[in-house]
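For reference, the structure is listed below as structure tokens.
The values are calculated or read from the model by the stated rules, or taken from the named source; none is laboratory data. Just so it is clear, the structure is predicted and the values come from calculations on it, not from any experiment. Because the Cβ atoms are built from the backbone with ideal geometry, glycine has one as well, and the counts that use them run over all protein chains shown. The accessibility values were calculated without ligands, DNA or RNA, using every heavy atom of the protein model including side chains. Shrake-Rupley method; radii C 1.70, N 1.55, O 1.52, S 1.80 Å.
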Amino acid sequence: MLTHEPDGVARCGWVTSAPDYLRYHDSEWGRRVRGERELFERLMLEAFQSGLSWLTILRKREAFRAAFRDFDPDTVAGFGDADVARLMGDAAIVRNRRKIDATLTNARAVVRLRDTVGLERLIEEHAPVEHSRPGTPDEVVGFSSESTALSKALKRHGFAHVGPTTCYSLFQACGFVNDHAVGCAAGDEIAGE
């Protein structure tokens, strides 16, 4: 479950020596993310990751931010056909029409959510109340009853391409659960151990 390379620090076993992964694991993954724009960005990056390596998304993150105007929901909600054509022609991002369309759809849904619950509160309301860090590979999960409930709630609000696995990845990435392996230094820091 743990790796100690390259510097001897205990980290989750999925971390490789790729500098992108090391930085992301040590300083970002599992740390609480707040704010509508920030959560919208993370949700969309998780959706784009579906079927791909997370390392691919990390390496393209700045290009995604530029292409989607820093994931400002109001701006993305106003995108039209010319923007879709621009995005489909942008080799610096993942050019998947369904995922691009879902991002525009979801930006519009985020804007509509402001009149009711708001994106951040909706996610918080579905986040697990109790959670144990995995100690063995068998304890690592890809979705939960809470991520399934969040997926259903988002879809009721008009979101697309936000299944239970994507929602669970959002919980992990944004600190709604601490899924760092037992003994991982970053996970211990987040847990205040």
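Annotations for the structure displayed:
- THR165 of a type in the set (Val, Ile, Thr), farther than 27 Å from GLY80 by Cβ and under 18 Å from the mean Cα position of the chain (by Cα): yes
- No other residue among SER27, SER17 is open to solvent by 40 Å² or more (accessible area, probe 1.4 Å), of a type in the set (S, T, N, Q) and at pLDDT 95 or above apart from SER27.
- Residues within region 89-121 that are of a type in the set (A, V, I, L, M) and under 16 Å from SER151 (Cβ atoms), tallied: 6
- When residues of region 30-43 are limited to those that are of a type in the set (D, E, K, R) and in a loop (DSSP other than H, G, I, E, B), the one surrounded by the most Cβ atoms within 10 Å (Cβ to Cβ): ARG31
- Close Cβ contacts (under 7 Å, 6 or more residues apart or on different chains) running from residues in region 38-55 that are under 20 Å from THR75 (Cα atoms) to residues that are charged (D, E, K, R) and open to solvent by less than 40 Å² (accessible area, probe 1.4 Å) comprise LEU45/ARG61; ALA47/LYS99; PHE48/LYS99.
- Where helices (runs of 4 or more DSSP H) fall entirely within region 44-158, those with at least 1 residues that are surrounded by 18 or more Cβ atoms within 10 Å (Cβ to Cβ), of a type in the set (Phe, Trp, Tyr) and under 17 Å from the mean Cα position of the chain (by Cα) are at 54-67.
- Of the residues making up region 26-55, those that are within 21 Å of ALA160 (Cβ to Cβ) and not hydrophobic (A, V, I, L, M, F, W, C) are GLU36, ARG37, GLU38, GLU41, ARG42, GLU46, GLN49, SER50, GLY51.
- Filtered residue count, region 161-172, keeping only those that are open to solvent by less than 10 Å² (accessible area, probe 1.4 Å) and either part of a helix (DSSP H, G or I) or without any contact (Cβ under 8 Å) to a residue 60 or more places away in the chain (or both): 4
- Looking across GLY175, GLY135, GLY158, GLY187, one residue alone is over 18 Å from VAL15 (Cβ atoms) and either of a type in the set (D, E, K, R) or touching a residue at least 24 places away in the same chain (Cβ under 8 Å) (or both). It is GLY158.
- Lone qualifier among ALA63, ALA77, ALA82, ALA67 - being touching a Lys or Arg at 6+ places or on another chain (Cβ under 6 Å), among the small types (Gly, Ala, Ser) and more than 22 Å from PHE171 (Cβ to Cβ): ALA77
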